[in-house]
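Worksheet: one structure, shown below.
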Amino acid sequence: MKAIIDKDGRLSIERAGRMKKQYCMTSNNMSQCGDWCPLFGEPDLTVTYKYIRLCHKTVLDLDTIIDERK
């Protein structure tokens, strides 16, 4: 499974072979999940497995995390 944080900080995760934008589950306005949220954790690329911590979930066992932010 692959995750991408685009240049604007928006998160997409590969599901069923396609990259799909992830939306906030705590917001009523369906804003996209991204690094502007205080509950969005920085991806950990230093361990054998890669993961991202989000507000209600930790996405584990990612094969690839692409961080396009500068």
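The values are calculated or read from the model by the stated rules, or taken from the named source; none is laboratory data. Quick caveat, the model's predicted, so the values are computed rather than measured. Note that we place each Cβ from the backbone using ideal geometry, even for glycine, and neighbour counts take in every protein chain shown.
Kindly state which strands (runs of 3 or more DSSP E) lie completely within region 12-70 and contain at least 1 residues that are of a type in the set (Asp, Glu) and either in contact (Cβ under 8 Å) with a residue 60 or more places away in the chain or over 17 Å from residue 2 (Cβ atoms) (or both). Full working, then the answer.
Numbers: elements: 18-21, 50-53, 58-62, 64-67.
In region 12-70, the matching strands (runs of 3 or more DSSP E) lie at 58-62, 64-67.
Could you tell me whether residue 41 is surrounded by fewer than 17 Cβ atoms within 10 Å (Cβ to Cβ) and modelled with pLDDT of 90 or more?
Numbers: surrounded by fewer than 17 Cβ atoms within 10 Å (Cβ to Cβ): yes; modelled with pLDDT of 90 or more: no.
So residue 41 fails the test.
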| request: Tally the residues that are under 18 Å from residue 14 (Cα atoms) and surrounded by 10 or more Cβ atoms within 10 Å (Cβ to Cβ), restricting the search to region 44-56. | output: 7
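Condition first: small (Gly, Ala, Ser), modelled with pLDDT of 85 or more and surrounded by 10 or more Cβ atoms within 10 Å (Cβ to Cβ). Can you find one or more residues in region 21-30 that meet it?
Taking region 21-30 and keeping what is small (Gly, Ala, Ser), we get 27.
Subsequent filtering for residues that are modelled with pLDDT of 85 or more retains none.
No, every residue in region 21-30 fails to be small (Gly, Ala, Ser), modelled with pLDDT of 85 or more and surrounded by 10 or more Cβ atoms within 10 Å (Cβ to Cβ).
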